[in-house]
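What follows is one structure encoded as structure tokens, with my remarks underneath.
Bear in mind that the values in this text are calculations on the coordinates, not laboratory data. Because the structure is a prediction, the values reported are computed rather than measured. Here the Cβ positions follow ideal geometry from the backbone for every residue, glycine too, while neighbour counts run over all protein chains shown.
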Amino acid sequence: MKHKCECESNMYEYTDGTHDIWLCYRCGRFEGASGGDEDFMQHITNDPLLILELIEDKVLIPVIFKS
Ligand SMILES: [Zn+2]
């Protein structure tokens, strides 16, 4: 599923297999699909930097789209 941000920029999808996160590198917005795990959503809403840490730790892996 491809997402477009409110700022018209493409959002980049990351997944850890359960949760899906869409990030906009232009304005910093993110959207998440928790896979039913509301605690996770609560965590990243309270502390969005956690997303970047999870990407750095390769817990969240980029989902590559074919153009
Ligand atoms: Zn944006």
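Structure summary
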quantity: DSSP-assigned coil residues among GluC sites (Glu not before Pro) in the chain, each with at most 12 further Cβ atoms within 10 Å; calculated: Glu6, Glu8
quantity: For the range 12-62: rounded, prolate or oblate by the Cα gyration tensor [a/c cutoff 1.5]; calculated: rounded
quantity: Rel. contact order, % - alpha carbon contacts under 8 angstrom, at least six apart, the range 12-62; calculated: 33 percent
